[in-house]
Amino acid sequence: MNVTILGTGYVGLTTGVCLAFLGHKVTCADPVAEKIAMLEGGAVPFHEPFLADLLAEARCNLKFTTEYAHAIPGAQVIFIAVGTPPGQNGSPDLKYLQAAARGIGEHMDATFTVVVNKSTVPIGSGNWVGALVRDAFEKRNGRKPHTSFAVASNPEFLREGSALHDSLYPDRVVIGADEEQTAEVLYTLYRPILDQTFQPPPFLPRPEELGAVPLISTDLASAELIKYAANAFLALKISYINEIGLLSEKVGADIAQVAKGIGLDARIGTRFLQAGIGWGGSCFGKDTAALVATAAEYGLEMPIVQSARDVNRRQRERVIEKLLGELRILKGRTIGLLGLAFKPHTDDLREAPAIDIARKLIERGARVKAHDPVAMDRFRRDHPELCDVACCDSPEQVIRDCDAVVLVTEWPQYRELDWEPLAKSMRTAVMLDGRLALDRSRLSRAGFRYLGLAC
Ligand code: UDX
């Protein structure tokens, strides 16, 4: 099929590359010329494992452009995967979505086109996008578009860092459309994924246990709500284990064992019960805020979702409290941060706990040193206000001469450091394990005073 993707961020580019890999003819459009130039040269503008490899495999089915006039005509499916950054009052800012919908209306030809909302959009956006496309078409052509397009919602559940795996081997595919004909276009598009009939790329083998992928076919509003409800549930699962972690610390329990003990109940499940600093990233914060804001429009409160947000905020403050409890004074101390990205295997810094923590430490007069395997360039570029943070080339350089070190992002390479000389290189060998990812007894043997966020 002829597919167009508007927006080449994590969701758009991953979707485009995967669909091209499956044999569809895909055009990716983005107004940012540098991004398109990079992609044409085979480079990916952000860090996502294997994405450049899959792009190379699928290159013959991919085109890149900055022009909607080249991308829209003739497309059977157009995915809107533009950013919906946080706006005011918790509602997402929809200016890019609006521009994309208008662009579609202006350039659409007689081909029957399914316009798919892939961006996480407020409930009801499907109808709004439909109206914008129709108005722009009418303005341009002086007549109504009749049946030449329809709107669908196809929420994305991919996690950064494992975006390709989540796209090729999803737990489910959700398609929301108000007419059967629209949904059918998308079943055809996703058939190789639903039936798992494609030959897996060598670097991304199919999980052995995976059978056919379940398809959830719904109306538009339900698909839009599924996305928010899923992210909010995962977010509150993390905040729940962090709340239990706080109590666990008081009563002297081991939160890792507690999480395992409850997670093995199949009704609860073991995933997203890793206690620590809590969630960051572009989705959980934004989507929980949007859910609370949407509910408020209907006169509803969402106290559970709101509490999950409060608990998450508190976790970042607890890092400072723990350091204060240990060092008594932060002014003039040197604190090292291991990890800047909001989670391992990405260079994404959106709502990254490290940013908040660095800011709070600097406000209290501490010197901050930091390392991240892939996010430091982005950190320097996107956070000039934190230019006082000393970016170090290695974790060893961060740790040297520190009064305390905080593990903020659990990159695998931070687990296997040579701890004994590192403890000796510090002013006071304090390690605050913000992700409960390090081996406590190993660090203690190496001479560290080990503190966990929940122990
Ligand atoms: C999330 C959703 O998982 C994905 O389905 C959705 O489409 C986009 O948002 P992402 O933000 O990429 O994906 O990362 P995810 O792996 O979900 O982690 C989010 C945050 O939660 C990270 O900061 C991570 O460190 C934290 N987390 C995750 C925990 O603190 N504990 C856990 O047990 C799991």
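The values are calculated or read from the model by the stated rules, or taken from the named source; none is laboratory data. Please read these numbers as outputs of a predicted model, since none were measured by experiment. FYI the Cβ positions are ideal-geometry reconstructions off the backbone, even for glycines, and counts take in every protein chain you see. When the accessible area is computed, the model is the full protein with side chains, heavy atoms only, and any ligands, DNA or RNA have been set aside. Shrake-Rupley method; radii C 1.70, N 1.55, O 1.52, S 1.80 Å.
Indicate the gyration tensor shape class of the range 369-455 (rounded, prolate or oblate), computed on the Cα atoms with a ≥ b ≥ c the square roots of the eigenvalues: a/c under 1.5 is rounded; otherwise a/b larger than b/c is prolate and the rest oblate.
Prolate is the answer for the range 369-455, as a/c is 1.5 or above and a/b outweighs b/c.
Given the peptides 330-337, 263-270, arrange them by the average over their residues of other C-beta atoms within 10 Å, most packed first.
330-337, 263-270
Calculate for the chain the 222 nm mean residue ellipticity that helices alone would give, adding -39,500 (n - 2.57) per DSSP H run of length 4 or more and normalising by residue count, nearest 500 deg cm²/dmol.
Rounded to the nearest 500, it is -13500 deg cm²/dmol.
Amide H of GLN196 versus every other amide H placed in the peptide plane: which residues, excluding those fewer than 5 positions away on the same chain, fall under 5 Å?
Distant-sequence amide H within range of GLN196: VAL213.
Which whole-Hz couplings ³J(HN,Hα) result when phi for each residue of the range 251-257 is put into the Karplus expression 6.51 cos²θ - 1.76 cosθ + 1.60, θ = phi - 60°, listed in order with x for Gly and Pro?
Here the 3J(HN,Hα) series is 8, x, 8, 9, 4, 5, 5 Hz.
So how strong a dipole does the range 294-338 carry about its Cα centre when Lys and Arg Cβ are +1 and Asp and Glu Cβ are -1, to the nearest 20 debye?
In total the dipole reaches around 420 debye.
Return the tail of the calculated pair distribution for the range 42-112, meaning the percent of Cα-Cα pairs more than 15 Å apart.
The proportion of pairs with Cα distances above 15 Å equals 67 percent.
How high is the relative contact order of the range 314-452, in percent, with contacts defined as C-alpha pairs under 8 Å that are six or more residues apart?
24 percent
ASN2 versus PHE198, label points 7 Å from Cα toward the beta carbon: distance in nm?
Label at ASN2, label at PHE198, 2.1 nm between them.
Sorted by mean Cβ packing within 10 Å, highest first, what order do the peptides 3-16, 94-107 take?
The peptides rank, most packed first, as 3-16, 94-107.
What ranking of SER162, SER444, SER125 comes out by heavy-atom accessible area, probe 1.4 Å, highest first?
Result, largest first: SER444, SER162, SER125.
In whole percent, what relative contact order does the range 59-129 give with Cα contacts below 8 Å and a gap of six or more residues?
Relative contact order comes out at 40 percent.
For THR218, list long-range residues whose amide hydrogen, built 1.01 Å from N in the peptide plane, is under 5 Å from its own amide hydrogen.
ILE175, GLY176, ALA177
Which angle between 0 and 90 degrees, to the nearest 10, do you get for helix 10-21 versus the longest principal axis of the chain when only C-alpha atoms count?
That works out to roughly 60 degrees.
Name the residues whose placed amide hydrogens come within less than 5 Å of the amide hydrogen of THR334, ignoring near sequence neighbours (fewer than 5 apart) on the same chain.
Residues meeting the amide H criterion: ARG367, ASP403, ALA404.
Assuming R0 = 30 Å, can you tell me the calculated FRET efficiency for the pair ARG449 and LYS331, based on Cβ-Cβ distance, to the nearest 0.05?
0.90
So for each of 166-172, 150-156 I average, over its residues, the number of other beta carbons within 10 Å; can you give me the resulting order with the highest mean first?
My ranking of the peptides, most packed first, is 150-156, 166-172.
Relative contact order of the chain, please, whole-number percent, based on alpha carbon pairs below 8 angstrom and at least 6 residues apart.
Here the relative contact order equals 11 percent.
So if we plug the beta-carbon distance of CYS387 and GLU34 into 1/(1 + (r/R0)^6) with R0 = 30 Å, what FRET efficiency do we get, rounded to 0.05?
With a Förster radius of 30 Å, E is 0.80.
Classify the range 228-306: rounded, prolate or oblate, from the alpha-carbon gyration tensor (a ≥ b ≥ c, eigenvalue square roots; a/c under 1.5 rounded; otherwise prolate if a/b is larger than b/c)?
prolate
If you stretched the chain out fully between ALA229 and ARG159, how much longer would it get, using 0.36 nm times the residue separation minus the C-alpha to C-alpha distance?
Contour length minus the Cα-Cα distance gives 23.6 nm.
Rounded to the nearest 10 degrees, what's the angle between the helix 180-194 long axis and the longest principal axis of the chain, both from Cα atoms, 0 to 90?
50 degrees
Under the rule a/c < 1.5 gives rounded, and otherwise a/b versus b/c splits prolate from oblate, where does the range 7-145 land using the Cα gyration tensor?
oblate
Given labels modelled 7 Å from the Cα in the Cβ direction, how far is it in nm from PHE272 to PHE46?
It is 1.9 nm.
Using θ = phi - 60° and the Karplus relation 6.51 cos²θ - 1.76 cosθ + 1.60, list the HN-Hα couplings for the range 274-283 in order, rounded to whole Hz, with x at every Gly or Pro.
Per-residue couplings from phi come out as 7, 6, x, 5, x, 8, x, x, 7, 9 Hz.
What area, in nm² and to one decimal, does the C-alpha convex hull of the range 319-419 cast on average over all directions?
Quarter of the Cα hull surface area: 5.9 nm².
CYS28: net charge of surrounding residues, Cβ under 13 Å, Lys/Arg +1, Asp/Glu -1, itself excluded?
Counting the neighbours of CYS28, the net charge comes to +2.
How large is the translational diffusion coefficient of the chain in µm² per second when you combine the Kirkwood radius over alpha carbon pairs with Stokes-Einstein at 4 °C and 1.567 mPa s?
Using the Kirkwood radius from Cα pairs, D works out to 55 µm²/s.
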